[in-house]
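Student: Below is one structure. I have some questions about it.
Each value in this text was obtained by applying a stated rule to the coordinates, not by laboratory testing. All of these numbers come straight from a predicted model, not from anything done at the bench. Every residue, glycine among them, receives a Cβ derived from its backbone with ideal geometry; neighbour counts consider all protein chains shown.
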């Protein structure tokens, strides 16, 4: 009986005042920060990883596909897990699993062992996002979703900035494996903080029935959102993953200089994401997505085509544009999904998008960089991203189109 009452209070009475639950939101965002760092920190370490493990660009790029594959499997099963346990428990299990997997990869396991450990990092991380989004949208009134999701999206944007800085600081004293150990220890400490101070999410999700999955998977609107999220992730995680190797291999940057440039280029995104949330609430997510994809795709192509001094400016501009996709994208998913199936829609949409944008795209960049050139790779990926501008115009305006 107590469980039922907790469900009603959490789901039916979201806070009218945004500030009333801001502490909970920041605590949840901090867990997302560690979760995201675990999946991207390989990027600034990649030049050293290539040398230490004696692997090619294509093999290095495939490591992101391995992380994304684990994330894909776990995220697909996350709604079954959150149906068995509460969303709060799901977040705690995710943080614990990520921490243990990160510590595991700090052991010198060789190339094959490293790939296995990276798969388990993705596997642990994948449980987090659907439950987190459900906790946010059930805690805040719908008119605050854009702002709340924008704050939550601070985690990946700060992570993009912090990953190169933290990597360089740690590698002054330890090898690249030491970075994974410190992140793993931090993840376990963060879980302890949420266990003690975190509130909310004390209700379970609905497991995806075969009928609901069939309805979702057979709907063209669902596959459109999968594709759009894949393109959005390509413009952020996909490019970030391979930028340091691109700068070192094609433009002769030192690793530390490349990481500094990539890190500095992400600072503005941590601020602009608020503007993206405000713009989503003001103009609507569809218009925002059209603009973001066209501009992000164009700047990505120019990174591959422009002389190096213009390229540096474009590296700063591109992520500022690209991060504005996510408040709009998650708003569309939330608006177009019924509350009781929202976690199911997210847990099916995001893994495929992550596998595409965070796994296949870095592998494609690495492969094209090896067989042709990194410049060609960025032009090809930019064309893919820009196509999202046209595809965004096809988003349905009807109620709950993803489940019809």
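Student: How do 243, 127, 260 rank when sorted from fewest to most other Cβ atoms within 10 Å of their own Cβ?
Tutor: Listing 243, 127, 260 from fewest to most nearby Cβ atoms yields 260, 243, 127.
Student: Most fluctuating residue of 101, 241, 51 in a GNM of the chain with Cα springs under 10 Å: which is it?
Tutor: Sorting by GNM fluctuation, first place goes to 51.
Student: Compute the angle between helix 361-371 and the longest alpha-carbon principal axis of the chain, please, reported from 0 to 90 degrees and rounded to the nearest 10.
Tutor: Its long axis makes an angle of about 20 degrees.
Student: May I ask for the Kirkwood hydrodynamic radius of segment 73-137, worked out over all distinct Cα pairs and given in angstroms to one decimal?
Tutor: Here the Kirkwood hydrodynamic radius works out to 12.2 Å.
Student: Taking every pair of alpha-carbon atoms in segment 293-404, what share in percent sits in each 10 Å bin, from 0 to the bin with the longest distance?
Tutor: With a bin width of 10 Å, the distribution comes to 13, 37, 30, 15, 5, 0.
Student: Roughly how many whole Å is it from the C-alpha centroid of segment 49-65 to that of segment 142-175?
Tutor: 24
Student: Further question on the same structure: Roughly what angle does helix 22-40 make with the longest principal axis of the chain, taking Cα atoms, 0 to 90 degrees, to the nearest 10?
Tutor: Between the helix axis and the principal axis of the chain, the angle is about 40 degrees.
Student: Per DSSP H run of at least 4 residues, take -39500 (n - 2.57); add these up for the chain, divide by its residues and hand me the 222 nm value, nearest 500 deg cm²/dmol.
Tutor: Taking each H run of at least 4 residues, the total per residue is -25500 deg cm²/dmol.
Student: Can you divide the C-alpha Rg of segment 100-189 by 2.2 N^0.38 Å and report the result to two decimal places?
Tutor: Taking the Cα Rg and dividing by 2.2 N^0.38 Å, one obtains 1.34.
Student: Take every Cα-Cα distance within segment 2-403, group them into 10 Å bins from 0 onward, and report for each bin the whole-number percent of pairs it holds.
Tutor: Once binned at 10 Å, the Cα pair distances of segment 2-403 give 5, 24, 35, 25, 9, 1, 0.
Student: Going by alpha carbons, how many degrees (0 to 90, nearest 10) lie between the helix axis of 342-354 and the longest principal axis of the chain?
Tutor: Orientation of helix 342-354: about 10 degrees from the principal axis.
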